[in-house]
1. All but one of (1) modelled with pLDDT under 95; (2) closer than 29 Å to H212 by Cβ; (3) surrounded by 13 or more Cβ atoms within 10 Å (Cβ to Cβ) hold for F107; which doesn't?
2. Output the residues belonging to the range 221-230 that are surrounded by 12 or more Cβ atoms within 10 Å (Cβ to Cβ) and either touching a residue at least 12 places away in the same chain (Cβ under 8 Å) or within 18 Å of the chain's Cα centre (by Cα) (or both).
3. Quick one: which of K245, K231 is more than 16 Å from the ligand (Cβ to nearest atom) and closer than 15 Å to I48 by Cα?
4. Pick out, from the range 118-234, the strands (runs of 3 or more DSSP E) lying fully within it that include 2 or more residues that are under 18 Å from F101 (Cα atoms).
5. How many of the residues in the range 257-267 are free of Cβ contacts under 8 Å to residues at least 40 places away in the same chain and either under 24 Å from H204 (Cα atoms) or touching a strand residue (DSSP E or B) at 6+ places or on another chain (Cβ under 6 Å) (or both)?
6. Could you check how many residues of the range 39-95 are away from the ligand (no atom under 16 Å from the Cβ) and in a helix (DSSP H, G or I)?
7. Take S243 and decide whether it is over 25 Å from V202 (Cβ atoms), surrounded by 14 or more Cβ atoms within 10 Å (Cβ to Cβ), touching a strand residue (DSSP E or B) at 6+ places or on another chain (Cβ under 9 Å) and of a type outside the set (A, V, I, L, M, F, W, C).
Amino acid sequence: MADPQTPPDTANIPSGPVVVFDNVSIRFDVKPVLENISFQVERGQQLIILGPAGTGKSVLLKLVDGLLEPDSGTITVFGENITRMRETDRFKLRNRIGMVFQESALFDSLTVEDNVAYRLNEERVPRDESHRRVEEVLNFVALPTAISKFPSELSGGMRRRVSIARAIITKPDLILYDSPTGGLDPITSTTIVELVVKQRDVSHTTSLLITHRLQDAFTLATHRFNVEADKMEPIPNGGIEDSTKFLVLNEGKIVFEGSTEELVHSEDPWLKQYLS
Ligand SMILES: Nc1ncnc2c1ncn2[C@@H]1O[C@H](COP(=O)(O)OP(=O)(O)OP(=O)(O)O)[C@@H](O)[C@H]1O
């Protein structure tokens, strides 16, 4: 690879939005989960998805990754309509997307190295190259000594780092984070948020990120990664990261879409209550 610190090669991404939902609906049995959802994510943007439990946030990410198909509407990713795509094409598309699943979703029987190299092994990348890339990416997530360990030997925060390493090893054009800080204590959560900010600011990868912690969402929106100092810092003068946008879902519908400033100044009573 693919030094994880260099920006992805975006030459093969057509210009225009990276993700477009046009009037997308999905139901399970008779239960509507997402209804008439339309939004788009521009290249280099970070879309933070908020909303109460069970409102369809994870389903939305799975639709982007082609793991679920909508009942109606159209989803375009990298300029391609993925709505009724053949599985082989969908597989190729997924190779360009890094997914950080809820609760890490590591394979317990595989070492950290084999978890992180999973996609490289699928692509039959030679073992020495794969090993080098795993080392690089584990350095990026500040976990170089965990390479031979099994997930059960790691803390929750370390497992989350491994999961991020696995998602970024292919240098994806799009990263989907499903609750990367879910279930972690506040201090560990901040270290994971710092890693997400680092990945965002070093590589400028487009991303969608679900979080239940409003504090994490606002940290993402108000901080940047200082490469020289190798740490996250607040944007000076109360600045806002302007590539950050918010989407708030409630009961399967979009109740807010816009910038950080628009979110915090919204007069919508439900939103004010949710954010309080
Ligand atoms: N494969 C599935 N089959 C049936 N129902 C499903 C499936 N996936 C999700 N659901 C249902 O869809 C609804 C939305 O689920 P989803 O996981 O997207 O919510 P969420 O907003 O991510 O919730 P949380 O914040 O708790 O993670 C829930 O009622 C869930 O039970």
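The values are calculated or read from the model by the stated rules, or taken from the named source; none is laboratory data. These numbers come from a predicted model, not from an experiment. Here Cβ is always computed from backbone atoms with ideal geometry, including for glycine, and neighbour counts include all displayed protein chains.
1. Condition (3) is where F107 drops out.
2. Within the range 221-230, A221, T222, H223, R224, F225 qualify.
3. K245
4. Of the strands (runs of 3 or more DSSP E) lying wholly inside the range 118-234, those with at least 2 residues that are under 18 Å from F101 (Cα atoms) span 174-178, 206-210.
5. Residues that pass the stated criteria total 5.
6. 8
7. For S243, the condition - over 25 Å from V202 (Cβ atoms), surrounded by 14 or more Cβ atoms within 10 Å (Cβ to Cβ), touching a strand residue (DSSP E or B) at 6+ places or on another chain (Cβ under 9 Å) and of a type outside the set (A, V, I, L, M, F, W, C) - is not met.
Here is a yes/no grid of residues against (1) exposed (fewer than 13 other Cβ atoms within 10 Å of the Cβ); (2) modelled with pLDDT of 95 or more; (3) within 14 Å of E80 (Cα to Cα):
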residue: P4; (1), (2), (3): no, no, no
residue: D9; (1), (2), (3): yes, no, no
residue: G16; (1), (2), (3): yes, no, yes
residue: D29; (1), (2), (3): yes, no, no
residue: P32; (1), (2), (3): no, no, no
residue: S38; (1), (2), (3): no, yes, no
